[in-house]
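K.L.:
There's a structure below that I have some questions on.
The values are calculated or read from the model by the stated rules, or taken from the named source; none is laboratory data. These figures come from a predicted structure and were not determined experimentally. Cβ coordinates were reconstructed from backbone atoms using ideal geometry, including for glycine residues, and neighbour counts include every protein chain displayed.
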Amino acid sequence: MRFVSLMAMLFLLLRTAAMAEQAELDGSQSAGKCSKVVTFSVVLAFDLDTGKLLWVHQTTADDGYNISCEFPPPANTNCPQVRGHDFDFGSSAILVNLRSGGRALIAGQKSGVVYSLDPDHNGRVLWQIQVGRGGTLGGIQWGAAVDDRHLYVALSDAKVDLASPGTVGAQPSAFGPPLLLDPKAGGGLFSLDLTSGKVIWHTPHPGCVGKPGCSPAQSAAITVIPGVVFSGGLDGHLRAYSAQSGQIIWDVDTALDYDTVNRVPAKGGSLDGPGAVVVDGLVYVNSGYGFSGGMPGNVLLAYSVNGK
């Protein structure tokens, strides 16, 4: 039997039906035993051959949320009556074969919790661990990565506040006043044992060192190659970490002005969303993410060893 997992980043599309049914699902439950399924913050498993829903594992009940919840009346009329913390799953799960035998489905949630589920036994929890406080811009956002022994997760936990026009470091917002990121909130990279969830190492963010508008949050998806973990941050830095020790072995600030090959003026900014891509000895990363206080930008960068 084969499985594919869908994460609750689909919950926005399914929320209306779920709320209308007013169904409740506590923990893991076989799909055949429940006629109504809540789709807030869940992992769903389907049979690839038939499309049959096999099981559902919900981690956070009543987690209704959309961006209108952040506005005052009447602009918030589309906010669900049952408003949650926005603890959805922002990235796909990772299916792994464990060295101890069996399989695990690894899922990082915006609640700051990492789950290891058993895909062959209705999504029962093998282990779980809290690595951050979580929130709308918190927890594990855009993607973790694994090697044969370890899981690597970067922590966002960004905090953003309203700012007065002209505040140094604040970024424009399509939703009203400028936004200013908290220079002390969030960030850090974790290595976890795939079998037990034990923390192998944790490397905090190096710090913003008083830079206005800087955030230590590391919400971008991370990338792993043999021996090295790449993690980008809202501060515009792309860092490479030793997979063995967590030591930062390379650090580059991408939030700069660039001369480009197509002669278009370009500037880097925050690293968010997709992670770095490594192919044929080159590391590619897009720099610039002007949302929720992040620094905008418009450049695709390529790095190589010794410029070769």
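K.L.:
Are any residues in region 228-254 outside any loop (DSSP other than H, G, I, E, B), surrounded by fewer than 19 Cβ atoms within 10 Å (Cβ to Cβ) and not β-branched (Val, Ile, Thr), and if so, which ones?
P.N.:
Answer for region 228-254, where residues must be outside any loop (DSSP other than H, G, I, E, B), surrounded by fewer than 19 Cβ atoms within 10 Å (Cβ to Cβ) and not β-branched (Val, Ile, Thr): Ser242, Trp250, Asp251, Asp253.
K.L.:
For region 123-211, give me every one of the strands (runs of 3 or more DSSP E) that falls completely inside it and has 2 or more residues that are polar (S, T, N, Q) and surrounded by fewer than 20 Cβ atoms within 10 Å (Cβ to Cβ).
P.N.:
124-130
K.L.:
Right, next: Considering only region 57-101, state which residues are touching a residue at least 40 places away in the same chain (Cβ under 8 Å), small (Gly, Ala, Ser) and either farther than 20 Å from Gln141 by Cβ or part of a loop (DSSP other than H, G, I, E, B) (or both).
P.N.:
Gly84, Gly90, Ser91, Ser92, Ala93, Ser100
K.L.:
Pick from region 255-285 the residues that are among the acidic types (Asp, Glu) and in a loop (DSSP other than H, G, I, E, B): which of them is surrounded by the fewest Cβ atoms within 10 Å (Cβ to Cβ)?
P.N.:
Asp280
K.L.:
To continue, here is another question. Do we have any residue at all in region 8-30 that's over 22 Å from Val160 (Cβ atoms) and either in contact with an Asp or Glu (Cβ under 8 Å, 6 or more places away or on another chain) or modelled with pLDDT of 90 or more (or both)?
P.N.:
Yes - at least one qualifying residue is present in region 8-30.
This table checks each residue for (1) among the small types (Gly, Ala, Ser); (2) surrounded by fewer than 18 Cβ atoms within 10 Å (Cβ to Cβ); (3) under 25 Å from the mean Cα position of the chain (by Cα); (4) modelled with pLDDT of 90 or more.
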| site | (1), (2), (3), (4) |
| --- | --- |
| Val38 | no, no, yes, no |
| Val43 | no, no, yes, yes |
| Leu48 | no, yes, no, no |
| Trp55 | no, no, yes, yes |
| Asn66 | no, yes, yes, no |
| Phe71 | no, yes, yes, no |
| Cys79 | no, yes, yes, no |
| Arg83 | no, yes, yes, no |
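K.L.:
I'm trying to understand the selection: among the residues of region 286-308, which are hydrophobic (A, V, I, L, M, F, W, C) and in a loop (DSSP other than H, G, I, E, B)?
P.N.:
If the condition is that a residue be hydrophobic (A, V, I, L, M, F, W, C) and in a loop (DSSP other than H, G, I, E, B), then Phe291, Met295 are the ones that fit.
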